[in-house]
Amino acid sequence: MAIKKTELYSSLWASADELRGGMDASEYKNYVLTLLFMKYVSDKKNDANSLIDVPTGASFEDMVALDGDKEIGDKINKIIAKLAEENDLKGIIDTADFNDSTKLGSGKQMVDTLSKLIKIFDNLNLGSNTAEGDDLLGDAYEYLMRHFATESGKSKGQFYTPSEVSTILPQIIGIDENTTAKQTIYDPTCGSGSLLLKASALAPNGLSIYGQEKEVSTTALCKMNMILHNNADAVIAPGGQSTLANPFFEDEPDVKLKTFDFVVANPPFSLKAWTNGVESPDKYSRFDGFVTPPEKNGDYAFLLHICKSMKSNGKGAVILPHGVLFRGNAEGVIREKLIRKGWIKGIIGLPANLFYGTGIPACIIVLDKENAQNRTGIFMIDASKGFKKDGNKNRLRSQDVHKIVDTFNK
């Protein structure tokens, strides 16, 4: 019998409660999500469709057997390491140190904390978690990400795009039941992968997924998230490299960017140090025909990287701060040149205070290179008034999302 969402959510949040106090929310998400992953693959190990091999001595049941063990932290690390070794997941599922006394306490405190944590997950049956096409585990992952982003405060919300916003982007760039698995989608700032997964979910046969994320720990979350959503073949670049300075996806032998059918992105807003590591002149020719974006604001650097990463008939949607619509100087020049090329199909103004990490309003820039030379205008939607208050943030309701998508597409 499938587990209820409410039961799953409350158990997952209870596990986070066990870890509060010793570390920041941006750190304890790694512990909770690692155990979530371990429990899921262990419960699925006899499933013929499972993508993960669980060798002897590397299951969640082996963790349960450690209840009260004085060396529980070290032994959990070894269990996870064994599963990682078997499935080529080193550096992905083994990033959280369960033997770290600075985060989990020492002696009896660590033993009690980890024993309680494992018991919470042991009470969940994730083996039959899907009912009527529901992606319960995926929903749980997003539930946690949303709460972690809220808990983490201003500087830590960048790994999560609110799911309501994530659902808009693929729908307005033409991803639907006719999209084929061979078609490619790319996110140059993919975070935990939510935009890519929302897009893939709209295509019944899936999509060929590509992503790059600078933060190493967030890259690990993204790779786990892909496996949890049956997208283990997604190509996610190794973490640690900025997309602007060291784009992972190139077309050989030419030194030029690989191009994709679809591009979606929610880059860090107005990144001040975007030029770090970027060669001058840019060897990927991203700014050719334009001007170089201002040194202390990376919004247009990301936008031009996205344009360069689109095929000649490619479609894209990118979330950027509202300022890209009216700031002057170099950005004004780039904006005019983009408009004259006809690449901008539409602009959707969003409500303020939607995103974790900032209260400023944002917009979605909709890009379409197909028949761009014949484009005579830009379809603009002001969707800034449709939202509900949710604590100290605003949130799009399902009717707001539907209205935006319906208005744009029809």
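The values are calculated or read from the model by the stated rules, or taken from the named source; none is laboratory data. These numbers were taken from a predicted model, which means no experiment stands behind them. Cβ placement follows ideal geometry from the backbone for every residue including glycine, while neighbour counts extend to all protein chains displayed. Please note that ligands, DNA and RNA were not included when accessible areas were found on the heavy atoms of the full protein model with its side chains. Shrake-Rupley method; radii C 1.70, N 1.55, O 1.52, S 1.80 Å.
Structure summary
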| item | result |
| --- | --- |
| Subset of region 160-183 [more than 20 Å from I344 (Cα to Cα), in contact with a strand residue (DSSP E or B) (Cβ under 8 Å, 6 or more places away or on another chain) and either part of a strand (DSSP E or B) or touching a residue at least 60 places away in the same chain (Cβ under 8 Å) (or both)] | T161, P162, E164, Q183 |
| Contacts under 6 angstrom Cβ, first residue in region 308-331 being farther than 24 Å from V405 by Cα and free of Cβ contacts under 8 Å to residues at least 40 places away in the same chain, partner among the aromatic types (F, W, Y) and crowded, with 22+ Cβ neighbours inside 10 Å, 6 or more apart | E331/Y300 |
| Positions within region 7-21 being surrounded by fewer than 20 Cβ atoms within 10 Å (Cβ to Cβ) and farther than 17 Å from Q109 by Cα, in sequence order | E7, Y9, S10, S11, W13, A14 |
| Total residues in region 251-294, condition open to solvent by 40 Å² or more (accessible area, probe 1.4 Å) and not in a loop (DSSP other than H, G, I, E, B) | 2 |
| Test: residue in region 381-393 that is among the hydroxyl-bearing types (S, T, Y) and open to solvent by 80 Å² or more (accessible area, probe 1.4 Å) | no |
| Breaking point among (1) surrounded by 15 or more Cβ atoms within 10 Å (Cβ to Cβ); (2) at pLDDT below 95; (3) more than 18 Å from T56 (Cα to Cα), for G91 | (1) |
| Residues satisfying the stated conditions in region 306-345, i.e. closer than 19 Å to G289 by Cα, in contact with a strand residue (DSSP E or B) (Cβ under 8 Å, 6 or more places away or on another chain) and either of a type in the set (D, E) or not in a strand (DSSP E or B) (or both) | I306, C307, K308, S309, V324, L338, W343 |
| Residues within region 282-305 that are touching a strand residue (DSSP E or B) at 6+ places or on another chain (Cβ under 8 Å) and more than 21 Å from D187 (Cβ to Cβ), tallied | 1 |
| Some residue of region 122-134 being in contact with a Ser or Thr (Cβ under 9 Å, 6 or more places away or on another chain), open to solvent by less than 40 Å² (accessible area, probe 1.4 Å), at pLDDT below 90 and not in a loop (DSSP other than H, G, I, E, B) | no |
| Sole residue being within 9 Å of the chain's Cα centre (by Cα) and among the polar types (S, T, N, Q), chosen from S192, S208 | S192 |
| Residues of region 136-159 satisfying the condition of being modelled with pLDDT of 60 or more and either assigned to a loop (DSSP other than H, G, I, E, B) or more than 30 Å from I348 (Cα to Cα) (or both) | L136, L137 |
| Of all residues making up region 195-245, the number that are of a type in the set (D, E, K, R), within 22 Å of I52 (Cβ to Cβ) and assigned to a helix (DSSP H, G or I) | 1 |
| Test for D47: is it touching a helix residue (DSSP H, G or I) at 6+ places or on another chain (Cβ under 9 Å), surrounded by fewer than 23 Cβ atoms within 10 Å (Cβ to Cβ) and either within 13 Å of L124 (Cβ to Cβ) or not small (G, A, S) (or both) | no |
| Subset of region 50-79 (residues that are open to solvent by 50 Å² or more (accessible area, probe 1.4 Å) and within 19 Å of K223 (Cα to Cα)) | L51, D53 |
| Set K369, K393: member being touching a Ser or Thr at 6+ places or on another chain (Cβ under 8 Å), charged (D, E, K, R), touching a residue at least 12 places away in the same chain (Cβ under 8 Å) and within 17 Å of T161 (Cα to Cα) | K393 |
| Region 204-238, residues that are of a type in the set (G, A, S) and surrounded by fewer than 17 Cβ atoms within 10 Å (Cβ to Cβ) | S217, A232 |
